[in-house]
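Here the structure comes first, spelled out in structure tokens, and everything after it is commentary.
The values are calculated or read from the model by the stated rules, or taken from the named source; none is laboratory data. All of these numbers come straight from a predicted model, not from anything done at the bench. Neighbour counts are summed over all protein chains in view; Cβ atoms, including those assigned to glycine, are modelled from backbone coordinates with ideal geometry. Surface accessibility is based on the protein's heavy atoms, side chains included, excluding ligands, DNA and RNA. Shrake-Rupley method; radii C 1.70, N 1.55, O 1.52, S 1.80 Å.
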Amino acid sequence: MGSSINGGVILFLLLLAAISASASASSALPEKPTNTSGQINSNSVLVALLDSHYTELAELVEKALLLHTLEDAVGAHNVTIFAPRNEALERDLDPEFKRFLLEPGNLKSLQTLILFHVVPARISSHSWPSSRHRTLANDHLHLSADKDSVKRVDLAAIVHPDAVVRPDGVIHGIERLLVPRSVQEDFNRRRSLASISAVLPTGAPEVDPRTHRLKKPASPAPAGSPPALPIYDAMAPGPSIAPAPAPGPGSGKHHFDGHSQVKDFIQTLLLYGGYNEMADILVNLTSLATEMGRLVSEGYVLTVLAPNDEAMGRLTAEQLSEPGAPEQIMYYHLIPEYQTEESMYNAVRRFGRVRYDTLRVPHKVVGREADGSVKFGQAEGSAYLFDPDIYTDGRISVQGIDNVLFPPDEEPPTSSQPPRKPHAQQPKPRRGKLMEVACHMLGAFGQRSHFTSCQ
């Protein structure tokens, strides 16, 4: 009996020791954010970054389209952000390197640069480790401390330790921008012109220079079919000894740098603000930026009706999920003419309604005057031109609209001929002055009724 009681006491003591050990282990674990759903609150370190005095870094985060990525990172674990001071990004940064980062084609380099400043762990200044830490860019940062107690991250000194402290992260102010090796190599390669080569656009529309309309792609020839060209034509002299084509649309030589102009107008959209979704579709989701550059290089002009971010946000997943749907939507917003807000408004005021051709053949965009502006489309799918002349360079014109346009559904014809009004009275032909005088003289002699022209 006594041995059983002693065994029970020993078992109870072992159970208490296990509970206390687990409690101490859980208390020793680092603090995790309570929000794990991916949504951040107003006390988040990401919100503090966007509202802090590190405005240049916050602006780069928005231009790099990394808000959702950082939200997921903050929602999963604590983060440490090394934020360069504004002077390091405004005056101390190489202008050519900054221009390289802001080009739409270098969005991946900009994202890598921003994520290189974020470590998915909480590192406070009181417990500064001298070790390497992996960043969200899958690179490593080396943290160290000098003999003078100056904390460093790679080659940058910490000038404002614990500048912003939040439950889900901390922000340290650093003296300079941290550049990863991959971004530096991309910039050096671009600067040395080693990576610049002729890129053939894929899926670019073929335009007939005679009719100025898009050509339909030729169907692939089946195996074993005869050649498309006769042997004599196939052996004709090539372009090397052929006469030089005339400049203009369809010529072999590009007299305009269309790709640079397209880059300029896309960069203008990003800097202007409110049109990031449009720029993202043109550059990343589709190859329309390359196609537009090719058209402008061949001598064509374009007017872009650019929906703002609020309008693009109303698009549903069904409207964008079908293959080729983003391209078809954007084609309907590209007018192969050069129009400004003034020319469009003068046209609709003079003619009432103006139909503009689009690259989505054969659909057209109808514009008319409404409320002192130009209104495109009809009924609920209409859009107002509310942001005029965002970009105009003589070849490309960008006009901001507040809705995404879709071509109207084709209505079936109701009848071959419109019904005529019953008992419609035909207007009498108008007589000239000389005929009026002659009929008046005949009436004086009583002979007016004998002539049908005087009746």
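Odds and ends about this structure:
- Single residue of region 64-75 satisfying the filter (touching a residue at least 40 places away in the same chain (Cβ under 8 Å) and out of contact with any Pro (no Cβ under 8 Å at 6 or more places or on another chain)) that is surrounded by the most Cβ atoms within 10 Å (Cβ to Cβ): 70
- Among the residues listed as 293, 273, the single one being within 18 Å of residue 104 (Cα to Cα) and free of Cβ contacts under 8 Å to residues at least 12 places away in the same chain: 273
- Once region 333-342 is narrowed to residues that are part of a loop (DSSP other than H, G, I, E, B) and either open to solvent by less than 10 Å² (accessible area, probe 1.4 Å) or not hydroxyl-bearing (Ser, Thr, Tyr) (or both), the residue that is farthest from residue 373 (Cα to Cα) is 336.
- The one condition in (1) surrounded by 14 or more Cβ atoms within 10 Å (Cβ to Cβ); (2) at pLDDT 85 or above that residue 438 fails to fulfil: (2)
- Matching residues, region 370-388, being touching a residue at least 24 places away in the same chain (Cβ under 8 Å), polar (S, T, N, Q) and either buried (at least 17 other Cβ atoms within 10 Å of the Cβ) or in a loop (DSSP other than H, G, I, E, B) (or both): 378
- Restricting attention to region 58-73, the residues that are within 13 Å of residue 48 (Cα to Cα) and either touching a Lys or Arg at 6+ places or on another chain (Cβ under 9 Å) or of a type outside the set (A, V, I, L, M, F, W, C) (or both) total 1.
- Close pairs from region 40-63: first part of a helix (DSSP H, G or I), partner of a type in the set (Ser, Thr, Tyr), Cβ under 8 Å, at least 6 apart: 58/52
- Checked against (1) in contact with a helix residue (DSSP H, G or I) (Cβ under 7 Å, 6 or more places away or on another chain); (2) aliphatic (A, V, I, L, M); (3) under 18 Å from residue 296 (Cα atoms), residue 335 passes all but condition (1).
- Residue 149 being modelled with pLDDT under 90, open to solvent by less than 50 Å² (accessible area, probe 1.4 Å) and of a type in the set (Ser, Thr, Tyr): no
- Total residues in region 295-313 satisfying the condition of being farther than 15 Å from residue 274 by Cα, part of a strand (DSSP E or B) and of a type outside the set (A, V, I, L, M): the figure is 1.
Yes or no, residue by residue, for (1) within 30 Å of residue 289 (Cα to Cα); (2) under 26 Å from the mean Cα position of the chain (by Cα); (3) surrounded by 19 or more Cβ atoms within 10 Å (Cβ to Cβ); (4) among the charged types (D, E, K, R):
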residue	(1), (2), (3), (4)
111	yes, yes, yes, no
119	no, no, yes, no
125	no, no, no, no
130	no, no, no, no
141	no, no, yes, no
145	no, no, no, no
155	no, no, no, no
158	no, no, yes, no
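- Residue check, residue 99 under 28 Å from residue 283 (Cβ atoms), surrounded by fewer than 19 Cβ atoms within 10 Å (Cβ to Cβ) and at pLDDT below 90: yes
- Screening 165, 170 for residues that are open to solvent by less than 40 Å² (accessible area, probe 1.4 Å) and either in contact (Cβ under 8 Å) with a residue 12 or more places away in the chain or under 36 Å from the mean Cα position of the chain (by Cα) (or both) leaves exactly one candidate, 170.
- Only residues that are open to solvent by 30 Å² or more (accessible area, probe 1.4 Å), at pLDDT 85 or above, touching a helix residue (DSSP H, G or I) at 6+ places or on another chain (Cβ under 7 Å) and in a helix (DSSP H, G or I) were counted across region 264-291, and they come to 5.
- Lone unmet requirement of (1) modelled with pLDDT of 55 or more; (2) open to solvent by 90 Å² or more (accessible area, probe 1.4 Å) for residue 49: (2)
- In the set (1) among the β-branched types (Val, Ile, Thr); (2) at pLDDT 85 or above; (3) more than 22 Å from residue 183 (Cα to Cα), residue 5 fails one condition alone, (2).
- Of all residues making up region 389-401, the number that are among the charged types (D, E, K, R) and surrounded by 19 or more Cβ atoms within 10 Å (Cβ to Cβ): 1
- Residue satisfying all of: in region 294-309; under 20 Å from residue 284 (Cβ atoms) and open to solvent by 30 Å² or more (accessible area, probe 1.4 Å); modelled with the highest pLDDT among these: 309
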